[in-house]
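All remarks here apply to the structure that follows.
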Amino acid sequence: MKIDWKQKLSSRRLWFAVAGWLTSVLTAFNVSDNTIVQVTLLVSGFGSLVVYILGESIVDASAKKNNNENKEE
């Protein structure tokens with residue numbers, strides 16, 4: 001079974017889960033609140049960027065496919 005990495009990495013739920021897990025781990029190790037907030041923001045920002053890039057690549061691929069189908073007709 002092949003894993004669809006585009007679908008997995010474009011999941012907002014995944015990035016919020018990662019941010020939540022990291023927050024829990026950092027809290028367990030008594031990391032300062034400021035550091036926890038910064039790490040959470042970095043993970044959330046990175047996740048948003050990944051979702052945007054993958055979303056745009058899917059839209060571009062779909063447009064290219066539709067353009068090629070229209071040329072064949």
Requested in this report: Report the net charge of residues surrounding V50, where surrounding means a beta-carbon distance below 15 angstrom and charges are Lys +1, Arg +1, Asp -1, Glu -1.
Outcome: +2
Report task. Provide the solvent-accessible area of I3, counting protein heavy atoms only and rolling a 1.4 Å probe, rounded to the nearest 10 Å². Result -> 90 Å²
Report summary line: GNM of the chain, Cα pairs under 10 angstrom: of V18, V43, V31, the biggest fluctuation goes to V31
Report summary line: Checked against the positive end of the charge dipole of the chain (+1 on Cβ of Lys and Arg, -1 on Cβ of Asp and Glu, about the Cα centre), the farthest of N34, L22, V59 is L22
Query raised in the report: What FRET efficiency would be calculated for the residue pair K2, I58, taking the C-beta separation as r and a Förster radius of 25 Å, to the nearest 0.05?
Result: 0.90
Report task. Would you mind working out the accessible area per residue for the chain, using a 1.4 Å probe, and quoting it in Å²? Result -> 85 Å²
Query raised in the report: With θ set to phi - 60° and the Karplus curve 6.51 cos²θ - 1.76 cosθ + 1.60, what are the ³J(HN,Hα) couplings of segment 26-32 in order, to the nearest whole Hz, using x for Gly and Pro?
Result: 5, 5, 4, 9, 6, 6, 4
Requested in this report: Scan segment 1-51 for trypsin sites (Lys or Arg not before Pro) in coil per DSSP, keeping those whose Cβ has at most 10 other Cβ atoms within 10 Å, and list them by number.
Outcome: K2
Query raised in the report: Largest first, how would L14, L41 line up by accessible area (1.4 Å probe)?
Result: L41, L14
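The values are calculated or read from the model by the stated rules, or taken from the named source; none is laboratory data. Computed from a predicted model, the values in this text were never measured in an experiment. Heads up, the Cβs are rebuilt from the backbone with ideal geometry, glycines too, and the neighbour counts pull from every protein chain shown. These accessible areas exclude ligands, DNA and RNA; they are computed on the full protein's heavy atoms, side chains included. Shrake-Rupley method; radii C 1.70, N 1.55, O 1.52, S 1.80 Å.
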